[in-house]
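Contents: one structure, followed by commentary.
The values are calculated or read from the model by the stated rules, or taken from the named source; none is laboratory data. Since we're looking at a predicted model, the values are computed, not measured. Note that we place each Cβ from the backbone using ideal geometry, even for glycine, and neighbour counts take in every protein chain shown.
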Amino acid sequence: MAEEQERQAAWTALNAAIVACRKCPRLVAWREEVARVKRRAYQDWDYWGKPVPGFGDPDARVLVVGLAPGAHGANRTGRMFTGDGSGEFLYAALYRAGFANQPQAYHREDGLRLKDMFITAVCRCVPPQNKPTTEELRQCLPYLLRELDLLPNVRVVVTLGRIAFDWTLRAYRQRGYAIPRLTFAHGAVYSLGKGLPWLVASYHPSRQNTQTGRLTPAMFDAVWRKVRELAYRDGPAAGPNTFTPSSDREHSHEGDTGDA
């Protein structure tokens, strides 16, 4: 009981630190301007306008890492992938895969719950043009590292887009793990080494990808089926790196625009 209370206190402290963060002046100015000006459709909303903490099951077997909050999605609602097109596509897929109790995500009090899954991002503030700088990503990295500390049951890390892929790998390397150079591609599956989670790469569910057919519901569902298989497989990930390329690998560098 005491251990669980300590972990809950650690989560509370981490989330408070994230929400209060003002390390990056460009991001602070932009997130607050977006929250002040608002989109016409959301003029009645009281925008969140702050860094967005992670969301989900603290006993998660699966960690999902996105890019950053969407300007009128998570920056408005205060919850990852909530209130925009990326979230509509993501949570519908997670519902079909059995990780979410409902296919919609509208606001923080909509009843959405995740089972065995936690969702976060490598950048906690909405960046102008969905493009955080290297320094801004570096400032956010300690928050991801702390979340990894507080998620001891994670067996699979799913990265949505190349930036999330690269910075998740950087987090593990910063911890001292000798992970070789890996290639981002939709559908790629890597073993990071004995005792470490599997790494699964996917295109980001941004509208740029979903409305052009680069990422279809069938492609996304295939990712989550593989994730379930790995998450509930007996024993930790181990053995040599494995790789399953997507059919359109030549586009593997794309897919980072969009929300969270």
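Quick check, is ASP116 touching a Ser or Thr at 6+ places or on another chain (Cβ under 9 Å) and of a type outside the set (Ser, Thr, Tyr)? For ASP116, the condition - touching a Ser or Thr at 6+ places or on another chain (Cβ under 9 Å) and of a type outside the set (Ser, Thr, Tyr) - is not met.
Considering region 1-25, the residues that are in contact (Cβ under 8 Å) with a residue 60 or more places away in the chain and either among the acidic types (Asp, Glu) or in contact with a helix residue (DSSP H, G or I) (Cβ under 7 Å, 6 or more places away or on another chain) (or both) include one that is farthest from VAL126 (Cα to Cα), namely ARG7. Take the conditions (1) without any contact (Cβ under 8 Å) to a residue 24 or more places away in the chain; (2) loosely packed, with under 15 Cβ neighbours inside 10 Å; GLN174 misses just one of them, which is (1). The condition (being more than 24 Å from ASP166 (Cα to Cα), touching a Leu at 6+ places or on another chain (Cβ under 7 Å) and either at pLDDT 95 or above or surrounded by 13 or more Cβ atoms within 10 Å (Cβ to Cβ) (or both)) is satisfied by just one residue among ARG7, ARG36: ARG7.
Look at (1) out of contact with any His (no Cβ under 7 Å at 6 or more places or on another chain); (2) surrounded by 21 or more Cβ atoms within 10 Å (Cβ to Cβ); (3) over 21 Å from ALA13 (Cα atoms) and you find that ARG124 fails only one, number (3).
In region 57-84, the qualifying residues are those that are surrounded by fewer than 23 Cβ atoms within 10 Å (Cβ to Cβ) and within 15 Å of the chain's Cα centre (by Cα), and the one that is farthest from GLN5 (Cα to Cα) is GLY78. The condition of being of a type in the set (A, V, I, L, M, F, W, C), more than 21 Å from PRO53 (Cα to Cα) and at pLDDT below 95 holds for only one of ALA178, ALA231, that being ALA178.
The number of residues in region 193-217 that are assigned to a loop (DSSP other than H, G, I, E, B), modelled with pLDDT of 95 or more and within 20 Å of ARG173 (Cα to Cα) comes to 2.
ARG228: more than 27 Å from CYS125 (Cβ to Cβ), touching a helix residue (DSSP H, G or I) at 6+ places or on another chain (Cβ under 7 Å) and buried (at least 20 other Cβ atoms within 10 Å of the Cβ), yes or no? Spell out the reasoning first.
Numbers: more than 27 Å from CYS125 (Cβ to Cβ): yes; touching a helix residue (DSSP H, G or I) at 6+ places or on another chain (Cβ under 7 Å): yes; buried (at least 20 other Cβ atoms within 10 Å of the Cβ): no.
No: the conditions fail for ARG228.
Within the group ASP259, ASP221, which residue is outside any strand (DSSP E or B), acidic (Asp, Glu) and modelled with pLDDT of 95 or more? Explain how you work it out, then say what you get.
Working: ASP259 fails: modelled with pLDDT of 95 or more.
Exactly one residue qualifies, and that residue is ASP221.
What are the residues in region 96-128 that are at positive phi and touching a residue at least 24 places away in the same chain (Cβ under 8 Å), if any? Within region 96-128, GLY98, ASP116 meet the criteria. Going by what's in this entry, would PHE184 be described as under 18 Å from VAL227 (Cα atoms), among the aromatic types (Phe, Trp, Tyr), part of a helix (DSSP H, G or I) and modelled with pLDDT of 95 or more? When the stated conditions are applied, PHE184 does not pass them.
Please find, within region 144-155, the residue that is farthest from PRO58 (Cα to Cα) out of those that are of a type outside the set (D, E, K, R) and out of contact with any strand residue (DSSP E or B) (no Cβ under 8 Å at 6 or more places or on another chain). Before you say what the answer is, go through the steps one by one.
So in region 144-155, the residues of a type outside the set (D, E, K, R) come out as 144-145, 148, 150-154.
Next, only the ones that are out of contact with any strand residue (DSSP E or B) (no Cβ under 8 Å at 6 or more places or on another chain) stay: 145, 150, 152-153.
Numbers: LEU145: 15, LEU150: 8, PRO152: 9, ASN153: 9 Å.
Among those that are of a type outside the set (D, E, K, R) and out of contact with any strand residue (DSSP E or B) (no Cβ under 8 Å at 6 or more places or on another chain), it is LEU145.
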